[in-house]
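Below: one structure, written as structure tokens.
The values are calculated or read from the model by the stated rules, or taken from the named source; none is laboratory data. From a predicted model like this one, the values you see are computed outputs, not experimental measurements. We place every Cβ from the backbone using ideal geometry, glycine too, and count neighbours over all the protein chains shown. SASA here: full protein model, heavy atoms, side chains in, ligands and nucleic acids out. Shrake-Rupley method; radii C 1.70, N 1.55, O 1.52, S 1.80 Å.
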Amino acid sequence: HRGALAGFFLLLITILSITVPLMIVLDILYAYDFLFLIFILLFAIFLKSTFALTSMGKHIRPIINSLEQNDLEGARFHLSMCVRRPTANMERSAICSAAIETVAEGVTDSFTGTLFMYSIFGIAGAIIYRIVNTMDSMFGYRDSKYEEDKPQICTVFIVKQKCSLFHGFNGRCAKCKA
């Protein structure tokens, strides 16, 4: 299938264009004693960029606020921003369950999975894990809702990945407006 092959090459190009230059820079900095402090600083910044715990709170907090105010429509709307399933007819318990599931998946994807890959494969493993995980969530679904937007999403993804590593370290880039 052409789409799967294109997705594989996109994944490969993204991984290589981000991890190889990063590892070269870190290896050079590590090799010289007088650059070791810079190595530690960059290593910490790049490693931190693979963890994304605060963004989950930004998505879940509006759901919790809506539920606390007994605003089921608002909670459904905010939940629809986090999940792919239909939320229009969800009851309070289903909204709570979906929100908890979203947090659990987010913690696994953005913290424990990254930490596990880092513990086995180092910083390159953590970065590759985040790239694969992000691409899976952006391109891994086979539904018509996002099918025609995938080329634009693909471009934004690559720009945001590079910007988060090289400019802003927070997923947003002032230079690229991504």
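Residues that are over 13 Å from Ile100 (Cα atoms) and in contact with a helix residue (DSSP H, G or I) (Cβ under 7 Å, 6 or more places away or on another chain) within region 48-66 comprise Ser49, Thr50, Phe51, Ala52, Leu53, Pro62, Ser66, listed in sequence order. Considering Ile24, Ile13, Ile45, the condition of being open to solvent by 40 Å² or more (accessible area, probe 1.4 Å) and over 19 Å from the mean Cα position of the chain (by Cα) is satisfied by Ile24 alone. Can you confirm whether region 93-115 contains a residue that is in contact with a Lys or Arg (Cβ under 9 Å, 6 or more places away or on another chain) and open to solvent by 70 Å² or more (accessible area, probe 1.4 Å)? Looking for residues that are in contact with a Lys or Arg (Cβ under 9 Å, 6 or more places away or on another chain) and open to solvent by 70 Å² or more (accessible area, probe 1.4 Å), one finds none in region 93-115, hence no. The residues of region 80-92 that are out of contact with any Pro (no Cβ under 9 Å at 6 or more places or on another chain) and either open to solvent by less than 70 Å² (accessible area, probe 1.4 Å) or over 15 Å from Ser137 (Cα atoms) (or both), listed by number, are Cys82, Val83, Pro86, Thr87, Ala88, Asn89, Met90, Glu91, Arg92. Hey, among the residues in region 56-77 that are modelled with pLDDT under 90 and open to solvent by less than 60 Å² (accessible area, probe 1.4 Å), which one's nearest to Ile95 (Cα to Cα)? By that ranking, first place goes to Ile60.
Residues in region 43-87 that are among the aliphatic types (A, V, I, L, M) and either touching a Leu at 6+ places or on another chain (Cβ under 6 Å) or part of a loop (DSSP other than H, G, I, E, B) (or both): 6 in all.
Restrict the check to region 110-117 and report whether at least one residue is in a helix (DSSP H, G or I), of a type in the set (Ser, Thr, Tyr) and over 30 Å from Thr19 (Cα atoms). No - not one qualifying residue is present in region 110-117.
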